[in-house]
1. Pairs only if they're at least six apart or on different chains, beta carbon under 8 angstrom, first in segment 78-92 and without any contact (Cβ under 8 Å) to a residue 24 or more places away in the chain and under 12 Å from P6 (Cβ atoms), second surrounded by 15 or more Cβ atoms within 10 Å (Cβ to Cβ) and among the polar types (S, T, N, Q); list them, first residue then second.
2. Among the numbered conditions (1) open to solvent by 10 Å² or more (accessible area, probe 1.4 Å); (2) under 23 Å from G227 (Cα atoms); (3) outside any helix (DSSP H, G or I), tell me where D199 comes up short.
3. Could you tell me which residue of segment 29-47 is least open to solvent (accessible area, probe 1.4 Å), considering only residues that are in a helix (DSSP H, G or I), over 17 Å from A59 (Cα atoms) and without any contact (Cβ under 8 Å) to a residue 24 or more places away in the chain?
4. Would you confirm, using the coordinates I've provided, whether G180 is of a type in the set (G, A, S) and surrounded by fewer than 12 Cβ atoms within 10 Å (Cβ to Cβ)?
5. Take D26 and tell me if it is touching a Ser or Thr at 6+ places or on another chain (Cβ under 9 Å) and either open to solvent by 50 Å² or more (accessible area, probe 1.4 Å) or more than 30 Å from Q174 (Cα to Cα) (or both).
6. Given the criteria open to solvent by 30 Å² or more (accessible area, probe 1.4 Å), of a type in the set (A, V, I, L, M), at pLDDT 90 or above and assigned to a helix (DSSP H, G or I), does A12 qualify?
7. Would you mind finding the one in R191, R184, R176 that is in contact with a Leu (Cβ under 7 Å, 6 or more places away or on another chain), at pLDDT 90 or above and charged (D, E, K, R)?
8. Pairs needed: first member in segment 214-240, buried (at least 19 other Cβ atoms within 10 Å of the Cβ); second member anywhere, aromatic (F, W, Y) and not in a loop (DSSP other than H, G, I, E, B); C-beta distance under 8 Å; at least 6 residues apart or different chains.
Amino acid sequence: MAKTSPVEDFLAHLQVERRMSAHTLDAYQRDLAALAEWSDAQGADIAALQTEQLRAFVAAEHRRGLSPKSLQRRLSACRSFYRWLLKHGRIAASPADAIRAPKAPRKLPQVLDADEASRLVEVPTDVPLGLRDRALLELFYSSGLRLSELCALRWHDLDLANGLVTVLGKGNKQRRVPVGSHARAALTAWRDEQKPASDAPVFPGRNGPITPRAVQLRLKQLAIRQGMFKHVHPHLLRHSFASHVLESSGDLRGVQELLGHADIATTQIYTHLDFQHLAKVYDAAHPRAKRKR
């Protein structure tokens, strides 16, 4: 039986024990393959690299044109790999913990304003696939689902009577998210036309559930049809959902739970904060901010 490499053992751990998604596994595999290729070129054992060697790898990737954000992700994969080797007694110390990736400029995501969001989701329903498209867009914007979560939905995941949807997010974490009245009405109309079984996909494709790529292409087509001039994609609707809920409520923790983020720092980066709105909330609520009459 052929002996497996440390990287193969680590990826098997992520797949079997951590149950990471195929998308996340692919990212880890690409990042560690780049490290393995570099260490082979140096005539070094990937499991025996020292901090200075790993720092040289990061510098080489930077010279190759990798962005700070990509370098951060690559170094994060290296840290996880070496910490796993350390935990299992394969190395004496991790060479990655002392290395810091360059800071990436923080970019606020583009969002649709409320009028643009309404114009996008209110697609006509008296055309082929009109009921499906309306239900898909309304649910996306109403509940802020990830693209993968929406594609995987089955009818038994929806509780339209109580306005809830149960989704399986990153790390196989289940959460329940509210479904707004417009989305409930659109989904009911779509269900009444389809008359599906409870375990059928909410949005079927040619061979099972609709694919993420099909949703991306359809959103682009529908945006053009609705006269939208922005680049409309699934994440844009998730960004818009988060931004509009945050602007209305000011409840960052609540938005974190709705989005399914493990760390609130992710929510702070993910959402487009309306600082003018938050300033008004502060002025109205903080006892030391109120002006004396």
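1. Partner pairs satisfying both residue conditions: Y82/S94; L86/S94.
2. Here D199 clears every test but (2).
3. Filtering segment 29-47 down to residues in a helix (DSSP H, G or I) leaves 29-41, 46-47.
Keeping just the survivors that are over 17 Å from A59 (Cα atoms) gives 29-30, 47.
Applying the additional criterion that residues be without any contact (Cβ under 8 Å) to a residue 24 or more places away in the chain yields 29-30.
Working: Q29: 98, R30: 134 Å².
Selected residue: Q29.
4. On the way: of a type in the set (G, A, S): yes; surrounded by fewer than 12 Cβ atoms within 10 Å (Cβ to Cβ): no.
So G180 does not fit the description; no.
5. no
6. For A12, the condition - open to solvent by 30 Å² or more (accessible area, probe 1.4 Å), of a type in the set (A, V, I, L, M), at pLDDT 90 or above and assigned to a helix (DSSP H, G or I) - is met.
7. Values: R191 fails: in contact with a Leu (Cβ under 7 Å, 6 or more places away or on another chain); R176 fails: at pLDDT 90 or above.
Among R191, R184, R176, only R184 is in contact with a Leu (Cβ under 7 Å, 6 or more places away or on another chain), at pLDDT 90 or above and charged (D, E, K, R).
8. Matching pairs, first to second residue: P234/F140; L237/F140; L237/Y141; R238/F140; H239/Y270; S240/Y141.
The values are calculated or read from the model by the stated rules, or taken from the named source; none is laboratory data. Only a predicted model underlies this, so the values are computations on that prediction, with no experimental measurement involved. Please note: Cβ atoms are built from the backbone with ideal geometry, for glycine as well, and neighbour counts cover all protein chains shown. With ligands, DNA and RNA removed, areas are computed over all heavy atoms of the protein, side chains included. Shrake-Rupley method; radii C 1.70, N 1.55, O 1.52, S 1.80 Å.
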